[in-house]
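Notes to accompany the following structure.
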Amino acid sequence: MEEKHAYYPVGTVNDFPAQIGRVAHVGEVEIAIFLNSAGEIYAVENKNPHPKGGPLAEGIVSGTYLYDPLYDWKIDLKTGLVQAPDEGMVRTFPVIVKGGIVFVGALALEPAKV
């Protein structure tokens, strides 16, 4: 079965200050959204893959990487991969911007909670 994504509005571009995470909900999923200094927007599940967990929205963005201050982990916002020497993966979501509105893609089966 092919997975279909639907795009859900999570705010305007101005709602996302550069290099600071913001939290949005799409269905039951809590998503951390980041705008980097190049103007690119990334969305990842707001759930740290570290065994002790924690939110990712409080991380620090540099380029396309998220630096997690809790465990000193570095996560690629494009792929969700935790960088060596640590291991793990964060769920990523596609992002599009239309008319200044930011939309996050999620499985169509997940209802939007806006």
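The values are calculated or read from the model by the stated rules, or taken from the named source; none is laboratory data. These numbers come from a predicted model, not from an experiment. So basically every Cβ, Gly included, is an ideal-geometry build from the backbone, and we count neighbours across all protein chains shown. Keep in mind that these areas ignore ligands, DNA and RNA; they rest on the heavy atoms of the full protein, side chains included. Shrake-Rupley method; radii C 1.70, N 1.55, O 1.52, S 1.80 Å.
Based on what the data block shows, is Ala6 modelled with pLDDT under 95 and touching a strand residue (DSSP E or B) at 6+ places or on another chain (Cβ under 6 Å)?
no
If I ask for residues that are in contact with a strand residue (DSSP E or B) (Cβ under 9 Å, 6 or more places away or on another chain), among the aliphatic types (A, V, I, L, M) and not in a strand (DSSP E or B), which ones from the stretch 64-83 would you list? Steps first, please.
Applying the first criterion (in contact with a strand residue (DSSP E or B) (Cβ under 9 Å, 6 or more places away or on another chain)) to the stretch 64-83 yields 64-69, 73-83.
Cutting the leftovers down to among the aliphatic types (A, V, I, L, M) gives us 66, 75, 77, 81-82.
Of everything in the stretch 64-83, just one residue is in contact with a strand residue (DSSP E or B) (Cβ under 9 Å, 6 or more places away or on another chain), among the aliphatic types (A, V, I, L, M) and not in a strand (DSSP E or B), namely Leu77.
List pairs: first residue in the stretch 25-42 and closer than 9 Å to Phe93 by Cβ, second residue surrounded by fewer than 22 Cβ atoms within 10 Å (Cβ to Cβ) and polar (S, T, N, Q) anywhere in the structure, Cβ distance under 9 angstrom, at least six positions apart or on different chains.
Sorted first by the residue in the stretch 25-42, then by its partner, the pairs are Tyr42/Asn36; Tyr42/Thr64; Tyr42/Thr92.
Could you grab me the full set of residues in the stretch 68-85 that are open to solvent by 50 Å² or more (accessible area, probe 1.4 Å) and either touching a helix residue (DSSP H, G or I) at 6+ places or on another chain (Cβ under 9 Å) or modelled with pLDDT under 95 (or both)?
Within the stretch 68-85, Pro69, Leu70, Tyr71, Asp72 qualify.
If we keep just the residues of the stretch 92-113 that are modelled with pLDDT under 95 and open to solvent by 60 Å² or more (accessible area, probe 1.4 Å), which is nearest to Asn14 (Cα to Cα)?
Across the stretch 92-113, the extreme among qualifying residues is Lys113.
Quick check on my filter: what residues within the stretch 1-42 are surrounded by 13 or more Cβ atoms within 10 Å (Cβ to Cβ) and of a type in the set (D, E, K, R)?
So the first thing to find is which residues in the stretch 1-42 are surrounded by 13 or more Cβ atoms within 10 Å (Cβ to Cβ), and the list is 5-11, 13, 15-16, 19-27, 29-36, 40-42.
Within the stretch 1-42, Asp15, Arg22, Glu30, Glu40 meet the criteria.
When you look at Gly53, is it open to solvent by less than 50 Å² (accessible area, probe 1.4 Å), free of Cβ contacts under 8 Å to residues at least 40 places away in the same chain and not β-branched (Val, Ile, Thr), yes or no?
Details: open to solvent by less than 50 Å² (accessible area, probe 1.4 Å): yes; free of Cβ contacts under 8 Å to residues at least 40 places away in the same chain: yes; not β-branched (Val, Ile, Thr): yes.
It is true that Gly53 is open to solvent by less than 50 Å² (accessible area, probe 1.4 Å), free of Cβ contacts under 8 Å to residues at least 40 places away in the same chain and not β-branched (Val, Ile, Thr).
Which one is surrounded by the fewest Cβ atoms within 10 Å (Cβ to Cβ), of the residues in the stretch 56-65 that are touching a Leu at 6+ places or on another chain (Cβ under 8 Å) and either in contact (Cβ under 8 Å) with a residue 40 or more places away in the chain or over 22 Å from Phe103 (Cα atoms) (or both)?
Ile60
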